Every structure is written in C-alpha cells, then in structure tokens.
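To start, the structure itself, in structure tokens.
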Amino acid sequence: SPSILYIDIFNGDSDGVCALHQLRLHNPQESRLVTGVKRDTLLLKRIISARDSVLTVLDISFHANREPLLQLLKQGNTVHYFDHHFAGEIPESPLFHPHIDTSPAVCTSILVDRFLAGKYRLWAIVASFGDNLHSPAHGLADTLKLSHEETEELRELGELINYNAYGETVEDLHYSPEALFRALQPYSDPFDFFHAAGELDRLREGFQNDMSQTETKHPVRQTSAGRIYQFPNAAWCRRVSGVFSNQVAREAPNMAHALLVERKDGTFLVGVRAPIAKPQGAEELCIKFSSGGGRSASAGINNLAPEEVDRFYDEFDIQCSN
C-alpha cells in the first residue's frame, strides 16, 4: 500500500546487488535504497529513525548491525534479513524474518535463490562468481545446463559488478552501487545486460587498467602458511583489492592470503582469504582486531593501525598454520 514505506538496505558488492535484484524482479516495489562501498556495512544506523516500514536487509552482518536492528524492530518495522556472515544470537520477534546461513558454500544471493525456488537463478550465479564461490556457481550453472561460454559471461559479469564495490568512498568507484543496481533493474536476464549495457564496457576497461598495475606486485611476506601483499594509498589499489585477493587465492588454493591497502589516514584496510581448499579461519583471525569481521572463508579489518601490523603478521601465521 502507498502508506507503507519500503526500504532496501544492501551491500554494494555483486552479492548484495544481485540479491536485491532477484527479490525486486519477483516483487517489484518502489523503495528507498540504502547502500555503499563494500566495507560500508553498518548501514542500519543510516535508517535508525524508520518506523512502521518494511525493511529488506541483504548481505550485511547481523552481528555488526544488532543494536540498530533491535531498535528498528522496537519501532514497528518488519525486517526481512538475508545474510551469510557471522550472526551471533538471533532475536525472536514476529516482525523479524531471518534467512541466515553462514556455511562457506553459500552467499546471500544463493539464500535468495532458495527463497524464490530458483526463479532468477542466473543472477545467483552472477553473484556467486562475484563472491569467489566458483564451485557453487558452476553447480548452479549445471542445473540450468548452461554452455561454457554462457557460464563465462556470468562469471565476468559477477566479477565486474563486484570489482565496482571496492573503494574507501563511493568517489573511488566507477559507479555508485545504487546507480549500478538501477542500471540492472530493467533486465530480468543477465545475458541481455551483458550484451547491451554501456556500464559494463566502462567497468571492463577500468578493471583491465587496474589489474595490469598489480602484475608487478609481489608478497611482502611469504611463509608455508600463506602470502601477504601490501598496496599503497591509491584509488586503483582500493578498487582492485577484492578481485586481486580472490585471484591470488585461486592461484594457490592451499594457502591463506592477506592484502593490506594503505588508507588515506595511514591505517590499513585488510582483506583476508582462507585457503580455498580449507575455507575457514579468516573471520577468527580478523575479529582479534577491533574493526575486524566477516565470514570463515573471507574476512577483513577496516582500520589496522600501522603499529598493529606486526601483530597481524604474527596472528596470521598462527591462525593459518593450524
């Protein structure tokens, strides 16, 4: 009804964008969009004054947003929550509808795909590739009997949408996640978007330029446990951080990986990938630091102080030698 306000709150990466896209293809709603760069996950604080509204929350940690969520439930908001990050204790409320599964082989778009019984599965495949879940993505592609070429197009689309989300601020990105979601909205079929959208040409060009600059980057530290890379404070480094981390993780699936990107204030943005062959421990490592969090296979620290770097190296070695 027109009197009800719908608010869609979603992570700006491929998983958040494609999860919302599936839901809104299924149930179109004029809604207020609340999103940001990949690491901007404390999104519920932005809508703390909402009352008697319908909130759809996608791909942001319940644990990190617990306090504002409880407040929003008290204010009479109905909340549909889809996520695959560490959640902690889930509150009981007739207004709260959680779809939370933290197992390593799912992403938020896969949870939405389950909820919609596979109705827009192509977009879940796009998201899974973007979230570096290549094996589940191929499994879903097999259920639709996609050709190798079709599967590769969905992989590139997922990785480019995901690439677009990485930056310290929206100004680092080629498109705001909201604008990219709006660009997807007219397309129920990702292949139509892949072949028709000008946005993709710009993302592809940016991606190739940024990735070409990583070719000279070598680990600053390498042990039997894993490899650690460090990038300087530059917009291209922030943009490419997620894709680069995923790439080196796939190249050495038995090793753990970390990437430290220097931020404007001198602290580091840290991304950690557990070994693909044993996808656990990333979150356990990152939550030892104050701004850390994530999931077992992939986690991060938003602000690692320079004086904490040596401690991070030590904790990385301990965690990843287990």
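The values are calculated or read from the model by the stated rules, or taken from the named source; none is laboratory data. This one's a predicted model, so the numbers in the text were calculated from it and none came from an experiment. Here the Cβ positions follow ideal geometry from the backbone for every residue, glycine too, while neighbour counts run over all protein chains shown. These accessible areas exclude ligands, DNA and RNA; they are computed on the full protein's heavy atoms, side chains included. Shrake-Rupley method; radii C 1.70, N 1.55, O 1.52, S 1.80 Å.
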Q: Pairs only if they're at least six apart or on different chains, beta carbon under 9 angstrom, first in the stretch 282-300 and closer than 19 Å to Arg263 by Cα and free of Cβ contacts under 8 Å to residues at least 40 places away in the same chain, second surrounded by fewer than 21 Cβ atoms within 10 Å (Cβ to Cβ) and among the aromatic types (Phe, Trp, Tyr); list them, first residue then second.
A: Ala299/Phe86
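Restricting to the stretch 242-254, and then to whatever is in contact (Cβ under 8 Å) with a residue 60 or more places away in the chain and either open to solvent by 10 Å² or more (accessible area, probe 1.4 Å) or not in a helix (DSSP H, G or I) (or both), can you tell me which residue is farthest from Asn164 (Cα to Cα)? First the steps, then the outcome.
Our first condition is that a residue be in contact (Cβ under 8 Å) with a residue 60 or more places away in the chain; within the stretch 242-254, this holds for 242-243, 246, 249-250.
Narrowing the set further to residues that are either open to solvent by 10 Å² or more (accessible area, probe 1.4 Å) or not in a helix (DSSP H, G or I) (or both) leaves 243, 246, 250.
Values: Val243: 10, Asn246: 14, Arg250: 20 Å.
Only one residue tops the list, namely Arg250.
Just give me the residues in the stretch 1-30 being of a type in the set (Ser, Thr, Tyr) and open to solvent by 20 Å² or more (accessible area, probe 1.4 Å), in sequence order.
Residues satisfying the conditions are Ser1, Ser3, Tyr6.
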**Q.** Unmet criterion (only one of (1) touching an Asp or Glu at 6+ places or on another chain (Cβ under 7 Å); (2) free of Cβ contacts under 8 Å to residues at least 24 places away in the same chain) for His218
**A.** (1)
Q: Answer with yes or no whether Phe268 is touching a helix residue (DSSP H, G or I) at 6+ places or on another chain (Cβ under 6 Å) and of a type in the set (Phe, Trp, Tyr).
A: no
Q: Return only the number of the condition from (1) within 17 Å of Tyr163 (Cα to Cα); (2) surrounded by fewer than 23 Cβ atoms within 10 Å (Cβ to Cβ); (3) not hydroxyl-bearing (Ser, Thr, Tyr) that Pro232 does not satisfy.
A: (1)
Q: Filter the stretch 255-273 down to residues that are under 16 Å from the mean Cα position of the chain (by Cα) and among the β-branched types (Val, Ile, Thr) and give me whichever is surrounded by the most Cβ atoms within 10 Å (Cβ to Cβ).
A: Val272
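Take Ala299 and decide whether it is at pLDDT 95 or above and either assigned to a loop (DSSP other than H, G, I, E, B) or not basic (Lys, Arg) (or both).
no
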Q.
When you check Ala297 against the structure, is it small (Gly, Ala, Ser) and more than 17 Å from the chain's Cα centre (by Cα), yes or no?
A. no
**Q.** Subset tally (residues that are more than 19 Å from His26 (Cα to Cα) and not hydrophobic (A, V, I, L, M, F, W, C)) for the stretch 86-127
**A.** 10
Q. Got a number for residues in the stretch 270-286 being closer than 17 Å to Cys107 by Cα and touching an Asp or Glu at 6+ places or on another chain (Cβ under 8 Å)?
A. 0
Q) Only one of these conditions is not met by Arg311: (1) in contact with a Pro (Cβ under 6 Å, 6 or more places away or on another chain); (2) without any contact (Cβ under 8 Å) to a residue 60 or more places away in the chain. Which number is it? A) (1)
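Which residues, taken from the stretch 210-241, are part of a helix (DSSP H, G or I) and either more than 16 Å from Glu168 (Cβ to Cβ) or of a type outside the set (Gly, Ala, Ser) (or both)? Can you show your working first?
Quick first cut of the stretch 210-241, residues part of a helix (DSSP H, G or I) only: 210-216, 235-241.
Result: Asp210, Met211, Ser212, Gln213, Thr214, Glu215, Thr216, Trp236, Cys237, Arg238, Arg239, Val240.
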Q: Select, from Ser321, Ser291, Ser224, the only residue that is open to solvent by 10 Å² or more (accessible area, probe 1.4 Å), among the hydroxyl-bearing types (Ser, Thr, Tyr), closer than 25 Å to Cys107 by Cβ and modelled with pLDDT under 95.
A: Ser291
